[in-house]
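One structure is given here, and the rest of the page talks about it.
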Amino acid sequence: MQCQTAQELFSDYIAQELDRAMTLSLEHHLSACPACRDEVAALRRTWQALDRMPRVDLPPYFHENLISRIVAEQARVEQEAAARRAAWDWRWLFRPRQLAFGAAALALVLASAEVIQTQRAALGPVGWVTSLFRHPSQQPHIRVEWAPENPADPARRGTLIVRWYAMPATPDSGLTYSVLTGPQDTSVSTGVLFQPDTDARIQLEQRPETVRIRVTGATTRFRREWSLTLPKASGP
Amino acid sequence: MTPAEEKLLIERCKQGDQAAFDKLIRAYERRVYNLAYRLSGNYDEANDISVDAFLRVFQAIRLFRGDANFSTWLFRIVTNVYLDRRKRMKNRQHLSLEEYIELEENSVARQVEDPSPGPQATIEQTERWEKLQEAINALPDYQRAMIVLYHTEGLSYEEIAQVMSLNIGTVKSRLNRARLLLREKLEPIKELFGS
Ligand SMILES: [Zn+2]
């Protein structure tokens, strides 16, 4: 048996799904080939590690936020249906939910006093994540993206996209946001969270250097504020 | 929930019963979120994928005929949402979040302090899972999906074949290749995975 043929059988061998003749023939190869033997042992360890991957918790308010999105979606679907007097339009299923951006949209993830989870930061030198189950995405946080209209000129016209996570944005909490930019904290957008989207898309004439985002609950005492300084654009 | 109860629940969902849909979501949201997290390797993306997937389920539940398991159908939607997003991101050559975070790392790190560092063992364990997830993230999209469906969601080859519209032979051989590739990616840090 060649090493390559042997390799193709490794998974079935570890899962004990090979018939007896194949098992014997593979084991014959393994007894003579240390490289394949090591490979099988390492593969077995990988397999075991994969099977033991821990489960992660749902972010707070996941269920409530999802339901409020679905309620909004249902209202939208019913409206559309009424407008077109069509009972069902299958194309609806495949309509992309996201805005399609031009090439090379700049994306950035920023945080201020609030904690933000990032894969890379989690591996950073500070070692601030000690448990998968206490991931900081359990805290209310935001993600901010800047999508320039013309990627070659990222400081000009574009869309500031703010996404909310782990916010108690049930319909009755009445969370509203306001986005302020520039040294004078000029208000550029206000709105209600989760009605019906999880993000705010704000068209701006030029990329702001600073952004302040406030979220306030009408009926709850929830209040958060993030101040961001956008890194200098280095072009696409 | 027994299969019969689930079937009844799905029938009620098809008739637009919101309480039934709420119950169906509760039954599956954890698995969906975990699947989305292992696929994307990112908590916030997992959130977005899960929400999109459940919205699609809500829109398409009337088309669910029941010849496959509901969970298989659901996982197919989650996997497709994930794969669609990946395609879209590639098409728009999005500067990836991670790259940007690296530039921002100092400011993030400065602001973030762990109030109570756990014992060394916990850090090592966490590192181990993070590294494994990183290696999964480095796999090609389809291989990644297969690995996650098989190993963390416990789907059979047959179910994965249904979820990904492939035949079982293809699933088996590609999964074998994916595991070998993963093994290779873990080689430099194999001491973390010593038995
Ligand atoms: Zn060999």
| task | Compare the peptides A:145-158, A:5-18 by average per-residue count of other Cβ atoms within 10 angstrom and give them in order, highest first. | result | A:145-158, A:5-18
| query | For peptide B:18-25, how many partner chain Cβ atoms fall within 10 Å of a residue's Cβ, on average? | reply | 2
| remark: Residue span A:Gln139 to A:Val71: 0.36 nm per residue of separation minus Cα-Cα distance leaves a gain in nm of 22.0 nm
| message | What does the structure give for A:52-63 when I average, per residue, the other chain Cβ atoms found within 10 Å of the residue Cβ? | response | 6
| query | Roughly how many debye, to the nearest 20, is the charge dipole of the stretch A:3-52 about its Cα centre, given +1 on each Lys and Arg Cβ, -1 on each Asp and Glu Cβ, and no other charges? | reply | 200 debye
| said: In whole Hz and in residue order, list the ³J(HN,Hα) couplings for the stretch B:164-174 that follow from phi through the Karplus curve 6.51 cos²θ - 1.76 cosθ + 1.60, θ = phi - 60°; x for Gly and Pro. | reply: 9, 6, 10, 8, 4, x, 5, 4, 4, 6, 5
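Here, each number is a calculation from the coordinates, and none is a lab measurement. Predicted model, so just to flag it, every value in this text is computed and none were measured. We place every Cβ from the backbone using ideal geometry, glycine too, and count neighbours over all the protein chains shown.
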